[in-house]
Amino acid sequence: MNIGITVYPTYGGSGIVGSELGMELASRGHTVHFIASSLPTRLTKLSERVRFHEVEMMSYPLFEHQPYTLALATKMAKVAETENLDLLHVHYAIPHSISAILARESLQPNRRLPVITTLHGTDITLVGADRSYLPITRYGIVQSDGVTAISNYLKDATAEIFDFDNIAVIPNFICASDYQRHPVEKLRAELSPNGEPLLVHVSNFRPVKRPVDCVEIFARVLKETKARLIMVGDGSERSLAEHRARCLGIDEHCSFVGKQPKIVDYLSASDVLLLPSEQESFGLAALEAMACEVPVIASRVGGVPEVVTDGETGFLSEVGDVEKMSVDTARLLADEELRREMGRRARESAISRYSTDLIIPQYINFYERVLAA
Ligand code: GMT
């Protein structure tokens with residue numbers, strides 16, 4: 001198949017999933033055309049089968065805000081014609097579904113161009129549910145030729161908010177060979193010069209990720225045992241989290257390392273992942289950690305309980321319950337046997353339910369069904 005994929009290129013889990021899906025499809029013989037405002041960060045290698053088409057934005061004095069949705073629609077239609085696309089698959093409903101539908105309509109009646117929308121989370125629960133965007137988000141979903149969601153939770157939330165449930169659940173996925181624990185002695189020694197166990201948090205530091213809670217949990221853990229906290233990523237809440245660490249007098253025990261390209265190295269160096277999010281429709285960070293044998297301390301929200309089994313592959317708590325999260329973390333740090341066993345089970349659970357070998361064929365099958373409809 002000739003598949004057009006659109007993602008947000010620089011920010012968020014939906015961009016990661018869309019990019020990795022494209023590369024997986026290409027490795028199975030399909031040709032994938034990424035159509036985005038810039039090269040997606042996870043798209044490390046372009047080739048005959050993985051191509052990139054940049055959305056060109058015309059600036060004009062009359063445009064107070066550049067009309068990206070229209071520029072994207074124009075590019076989608078152009079690529080569909082020149083590259084003979086079979087379908088468009090957009091990740092994140094707003095505005096990508098609307099652009100794709102415009103592109104589809106602009107090509108009629110000469111060309112058929114089915115639109116598939118994958119819902120990722122905040123496009124439904126935050127942005128889409130906001131009154132100002134709700135009608136247009138619903139339109140984008142209902143008018144798509146196929147809709148997928150990355151968890152059962154998100155399918156149910158979409159049904160409730162948008163009164164629409166013709167949605168296939170295709171969960172996020174992990175490549176078992178790319179995501180596996182490997183020796184990283186040098187990094188571990190840098191992050192933990194005195195051999196302390198490492199807690200890690202990986203996110204885009206938006207308010208919904210509650211990174212300040214990681215600092216609160218860590219402060220309580222430090223009262224019980226030695227440890228270090230590694231904060232990977234960047235975003236609006238980073239300075240707040242750093243400030244809280246200074247206020248609590250624990251900043252010397254924390255490393256804020258910013259965005260990192262080699263997440264697997266950081267996970268391989270770590271003992272426990274902290275994911276105290278306010279909302280999480282899936283929790284890709286949890287899945288990546290689990291594949292690297294890192295047990296997860298997370299909030300019991302959204303799709304997280306589908307990914308992390310409480311007491312088996314991690315521990316779940318109510319949002320903001322930093323007391324319980326710190327008790328669970330300290331328990332894991334104190335009991336190496338338990339930590340290793342949970343880590344082993346976490347990898348087994350991640351691979352047996354979410355490996356690319358299981359999930360990518362589900363997307364291919366979905367494309368075929370939409371094309372045949
Ligand atoms: O929260 C993010 O990291 C960004 C956001 C996005 O759509 O880019 O992530 C959502 O999609 C991820 C990939 O499918 C999921 O793993 C996240 O749980 C989801 N985030 C939220 O629901 C808050």
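The values are calculated or read from the model by the stated rules, or taken from the named source; none is laboratory data. A quick note: this is a predicted structure, and the numbers were derived from the prediction, not measured. When we count neighbours, we look across all protein chains shown, and the Cβ atoms used for this are built from the backbone with ideal geometry, even at glycine. In case anyone asks, the SASA skips ligands and DNA or RNA and just uses the protein heavy atoms, side chains included. Shrake-Rupley method; radii C 1.70, N 1.55, O 1.52, S 1.80 Å.
Just to be sure, is Asp165 touching a helix residue (DSSP H, G or I) at 6+ places or on another chain (Cβ under 6 Å), open to solvent by 20 Å² or more (accessible area, probe 1.4 Å) and outside any helix (DSSP H, G or I)?
Criteria met by Asp165.
Looking for something within 21 Å of Glu368 (Cβ to Cβ), assigned by TED's automatic domain parsing to the domain that holds Asn365 and modelled with pLDDT of 95 or more - is there at least one such residue anywhere in region 65-75?
No - not one qualifying residue is present in region 65-75.
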Given the structure, is Thr6 of a type in the set (Val, Ile, Thr) and within 11 Å of the ligand (Cβ to nearest atom)?
no
Looking at (1) surrounded by fewer than 20 Cβ atoms within 10 Å (Cβ to Cβ); (2) in contact (Cβ under 8 Å) with a residue 40 or more places away in the chain, which is the only condition Ala346 fails?
(1)
Here are Ile136, Ile94: which of them is of a type in the set (Val, Ile, Thr) and in a loop (DSSP other than H, G, I, E, B)?
Ile94
Checked region 10-44 for anything without any contact (Cβ under 8 Å) to a residue 40 or more places away in the chain, within 15 Å of the ligand (Cβ to nearest atom), within 20 Å of Ile150 (Cβ to Cβ) and open to solvent by 10 Å² or more (accessible area, probe 1.4 Å); matches are Thr10, Thr41, Arg42
Please go through region 65-91 and give me each residue that is outside any helix (DSSP H, G or I) and not acidic (Asp, Glu), ordered by number.
His65, Gln66, Pro67, Asn84, Leu85, Leu87, Leu88, His89, Val90, His91
Given the residues Val264, Val307, which is the only one that is at pLDDT 95 or above, more than 24 Å from Glu224 (Cβ to Cβ), away from the ligand (no atom under 16 Å from the Cβ) and of a type in the set (A, V, I, L, M, F, W, C)?
Val264
Would you be able to say whether some residue in region 128-147 is open to solvent by 80 Å² or more (accessible area, probe 1.4 Å), more than 24 Å from the chain's Cα centre (by Cα) and either within 16 Å of the ligand (Cβ to nearest atom) or aliphatic (A, V, I, L, M) (or both)?
no
Just for region 148-162: of the residues that are touching a strand residue (DSSP E or B) at 6+ places or on another chain (Cβ under 7 Å), open to solvent by less than 80 Å² (accessible area, probe 1.4 Å) and assigned to a helix (DSSP H, G or I), which one is nearest to Gly283 (Cα to Cα)?
Leu154
Looking across region 235-261 at residues that are open to solvent by 60 Å² or more (accessible area, probe 1.4 Å) and within 16 Å of the ligand (Cβ to nearest atom), the single one that is farthest from Ser317 (Cα to Cα) is Lys259
